[in-house]
Every structure is written in structure tokens, then in C-alpha cells.
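Written below as C-alpha cells is the structure these notes are about.
We did not get these values from a lab; they are worked out from the coordinates using the rules stated. None of the values given here were measured: they were computed from a predicted structure. No Cβ is skipped: glycine too gets one built from the backbone with ideal geometry, and neighbour counts run over all protein chains shown.
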Amino acid sequence: MTRVWLPPLLLVLCGAALAAELARDGGPAQATVVLLVFLLLAAANSPLIFPKSVKAREAQRRSAADGRPVVYWRPGCAYCVRLRLRLGRRARRLHWVDIRRDPAGAVVVRAANGGDETVPTVVVAGRAHTNPDPDWVRRQLAGAP
């Protein structure tokens with residue numbers, strides 16, 4: 001759990017320290033901008049922007065029942081953030097598995113990627129696709145009930 005929040009926490013702390021230094025030197029506007037940038041980076045690297053994660057076994061069960069894809073991801077992954085943001089509100093229809101919180105999910109990802117934990121790995125109808133185009137994922141979701 002701590003590992004998931006460490007990068008965003010470090011971004012907030014570094015941003016606050018840099019903003020404090022800029023404010024002390026007489027640049028409150030610059031300090032505000034720097035702090036906002038670091039806060040946005042922290043939010044993008046946190047699990048907050050992702051729908052609630054489920055365990056791999058539960059995601060596979062749900063996917064078998066409703067035909068929706070399963071997305072294996074981890075916080076701090078720029079490609080996962082890109083996929084999440086490009087999917088927009090549709091992302092809530094997918095089943096998300098955080099491989100840092102679920103070792104079984106990490107095993108699925110390693111099996112699909114030759115031993116590497118490359119994410120996002122999207123599983124559609126039992127077939128894994130590594131870092132697929134968000135438009136392709138959107139089309140796969142459109143075909144699911």
C-alpha cells in the first residue's frame with residue numbers, strides 16, 4: 001500500500017519545497033504555478049484517477065459474465081494514465097486490476113508478456129493485448145454488453 005502512494009507523496013513534498021523557496025524569493029505567482037503542476041503530476045501518478053481496482057480472480061469472473069475487458073495496470077505508469085484519460089467515463093465499465101496490490105494480477109501480466117510486468121495489459125475474451133491503442137479498447141468495450 002505504501003509503495004502505491006510513495007511517488008505521489010514525493011511529488012507533493014518536492015513541489016511544496018520548491019514552491020516555498022520560490023515564494024520566499026518573492027515569486028508567489030511562480031510558486032503557485034509550480035505547486036499546481038506538482039499537484040497535478042501527483043494526482044496523475046496516484047490510484048485516485050482510476051476506477052476501483054478488484055482482484056484478478058474477481059475481474060476474470062466478472063469479465064466472463066459480462067464480456068467486458070480486464071485492464072491490468074499500476075500507479076505511476078504513464079501508458080496506464082494515457083489509457084485511462086483517453087477512455088474517459090467509459091473506463092468505469094472496464095474491470096481494473098492494480099498489479100501492485102494483487103500478486104495474482106502480476107502473475108497474469110508476466111505470463112502474457114514473457115515474464116515482464118508490462119502494463120497496461122488488456123485482456124479481451126481471454127486474449128492479452130499489451131499497451132493497446134485506447135481507440136481499440138473503446139471499440140472492444142462497445143462490443144461488450
- prompt: Which three semi-axes in whole Å describe the equivalent ellipsoid of the stretch 2-48, each the square root of 5 times a Cα gyration tensor eigenvalue, listed largest first?
  reply: 23, 10, 4
message: How tilted is helix 56-66 with respect to the longest principal axis of the chain? Cα atoms for both, answer in degrees (0 to 90, nearest 10).
response: 60
query: What nm distance separates the two modelled labels at Ala104 and Leu85, each placed 7 Å from Cα along Cα→Cβ?
result: 3.3
Size of electric dipole in the chain: Cβ of Lys, Arg +1 and of Asp, Glu -1, about Cα centre, debye, nearest 20: 700
- prompt: Taking the Cα centre of each part, how many Å lie between the stretch 91-145 and the stretch 4-61?
  reply: 25
message: Of all beta bridges DSSP finds with both residues in the stretch 50-143, what is the antiparallel percent, to the nearest 5?
response: 65
- request: Under 4.7 Å Cβ to Cβ, no partner at all: give me those cysteines from the chain, in residue order.
  value: Cys14
- request: Return the distance in nm (one decimal) between the two label points of a simple spin-label model at Arg127 and Arg24, each offset 7 Å from Cα along Cα→Cβ.
  value: 5.9
field: Estimated FRET transfer efficiency (Leu6, Val33; beta-carbon r; R0 25 Å; 0.05)
entry: 0.50
